[in-house]
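Here the structure comes first, spelled out in structure tokens, and everything after it is commentary.
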Amino acid sequence: MITAIEAGKSILVVGEAGSGKTTLAETLLGVIGGDYQIAMANYSGSTAATLKSIAEQWNIDATDEKGKPLKGDALKQEIANNINDRYLLICDNAHRWAASLLYWLEIVQETGAILVLLSIAEIKTGIFLKMSKIELGRLSEAQIREIMIREAIAIDFSLTPKLKRT
């Protein structure tokens, strides 16, 4: 995945809920070097809030000449005008993103920015068709237990021997 990103390729990561897509993205944030401007966004029903979050993470001034916040298409355009192939956008729960944002992502990709879309479904339209795909499989029970034990240790939570069995 890192090799693809370094080659400037956008990636679609598909997997069931709980398959580790978000964890993979968070790990990616820690591994990708300082050569990239990175933003991670999760659409929560507000296009304006999503765009504002992306602009802030990319340090893009999202105000007009009078200092008022840009909105809608003006904000989309300002972001697109200020990015290049050293910008990486990770879109969590991409299957939930509004159609207008998904269309805008095509413009962002055309600027050279690299996208990583995380989705529970492989959507067969638009931006989803223009990306290389990685499918995450289900975690085994042993893998789930290993993660639970590791997280319990991290928060100093004591597990009983019954909960530790593998």
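Before moving on, here are some points about what is shown:
- Beta bridges assigned by DSSP with both partners in the chain are antiparallel in approximately 5 percent of cases.
- Two-site FRET efficiency, residue 65 against residue 35, from Cβ-Cβ distance with R₀ of 25 Å, rounded to 0.05: 0.20
- For the chain, accessible area per residue (1.4 Å probe, heavy atoms of protein chains only), Å²: 59
- By accessible area, using a 1.4 Å probe on protein heavy atoms only, the stretch 1-159 has 51% of its surface on carbon and sulfur.
- Adding -39500 (n - 2.57) for every DSSP H run of four residues or longer, then dividing by how many residues the chain holds, sets the calculated 222 nm ellipticity at -11500 deg cm²/dmol.
- Sites matching chymotrypsin sites (Phe, Trp or Tyr not before Pro) across the stretch 58-166 that sit in DSSP coil, with at most 15 neighbouring C-beta atoms within 10 Å: 157
- Note on surface exposure: 148, 40 rank 148, 40 by accessible area, highest first, 1.4 Å probe.
- Loop-located GluC sites (Glu not before Pro) across the stretch 40-119 with a Cβ neighbour count of 14 or fewer within 10 Å are 65, with loop assigned by DSSP.
- Anisotropy class of the stretch 1-51 from Cα gyration tensor, a/c 1.5 cut: oblate
- Loop-located trypsin sites (Lys or Arg not before Pro) in the stretch 76-146 (DSSP state not H, G, I, E or B) with no more than 15 neighbouring Cβ atoms inside 10 Å: 86, 124, 138.
- Protein-only accessible surface at a 1.4 angstrom probe places the residues 53, 10, 44 in the order 44, 53, 10, largest first.
The values are calculated or read from the model by the stated rules, or taken from the named source; none is laboratory data. This one's a predicted model, so the numbers in the text were calculated from it and none came from an experiment. As a convention, Cβ positions derive from the backbone with ideal geometry for all residues, glycine included, and neighbour counts pool all protein chains shown. In case anyone asks, the SASA skips ligands and DNA or RNA and just uses the protein heavy atoms, side chains included. Shrake-Rupley method; radii C 1.70, N 1.55, O 1.52, S 1.80 Å.
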